1. Over segment 54-175, what relative contact order in percent results from Cα pairs under 8 Å that are six or more residues apart?
2. What ranking do H61, H124 get, fewest neighbouring Cβ atoms within 10 angstrom at the top?
3. To make sure I understand, if each residue's beta carbon is the centre and we count other beta carbons within 10 Å, what order do F129, F93 fall in, fewest to most?
4. Classify segment 118-192: rounded, prolate or oblate, from the alpha-carbon gyration tensor (a ≥ b ≥ c, eigenvalue square roots; a/c under 1.5 rounded; otherwise prolate if a/b is larger than b/c)?
5. What does the charge count around V96 come to, taking other residues whose C-beta lies under 9 Å from its C-beta (Lys +1, Arg +1, Asp -1, Glu -1)?
6. Can you tally the net charge around D82? Count Lys and Arg as +1, Asp and Glu as -1, for every other residue whose Cβ sits under 12 Å from the Cβ of D82.
7. Is there a pair in K101/K145; K88/K119; K90/K137; K66/K119; K66/K122 whose C-alpha atoms are over 19 Å apart, and which pairs would that be?
Amino acid sequence: MNKSFTLGVSAARMQRFRTALDACENVANHLASKLSTLKPGLVIRGITAKDNTSIARFLNHIFLYKGHLASEALQQDQELSDIYRSYKEKNAFFGVMINDKEVVGTIGFKPMEDHEVCKLKKFHLCPEFTSPDHANKLLNYALDKARSMNFNTCMIQVLPGEPELQNFLLMHGFNPSCGEIKKSGNYLCREL
């Protein structure tokens, strides 16, 4: 004989409970999938002279992936010929994200005319490492470094074809209102 009992819980309430349980399970599955995308063995550190070749290869890969010709980018950006030397000036910094001895991400900054403001540059990640977790780690590393060098504000230029980057930066406290900083173009700023 099949006896069933409800313990005094209405069918509607049970359905709400099941819906809430399903939602929790979906969130748990989503978080588990995000955690599984984190790559073990990642290191973020400052650039060394030995990194020049790896960074050049990495940036060429990124430019080609984004549809730019590496030779055009090199002609337009003289820093690319020797990144290490380009970021040795006072209050400049260039960081690399390394996985298994390969550069998989870069970010740098240099001081602006107002030495309390730095400009973030060359914030790139390999397509395989574009999860928000990797981008967060790289950005936060650079922002912490800028803060430790007594910068008050960071700014970054976001090109019109980079809506994902713009949305990411907006979610991390950057905004289009750069206050007293007079810049034209698509700049976002953040107080440190």
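1. On the way: 129 pairs, mean separation 22.2, N = 122.
Here the relative contact order equals 18 percent.
2. Listing H61, H124 from fewest to most nearby Cβ atoms yields H61, H124.
3. On the way: F129 20, F93 23.
Ascending Cβ contact count within 10 Å gives the list F129, F93.
4. Oblate.
5. Every neighbour counted, the sum reads 0.
6. Working: positive: R85, K88; negative: D51, D77, E79.
With Lys, Arg at +1 and Asp, Glu at -1, the net is -1.
7. Working: K101/K145 22 Å; K88/K119 15 Å; K90/K137 24 Å; K66/K119 22 Å; K66/K122 13 Å.
In this structure, K101/K145; K90/K137; K66/K119 exceed 19 Å between Cα atoms.
We did not get these values from a lab; they are worked out from the coordinates using the rules stated. Keep in mind it's a predicted model, so treat the numbers as computed, not measured. Cβ sites come from the backbone with ideal geometry, for glycine too, and all protein chains shown count toward neighbours.
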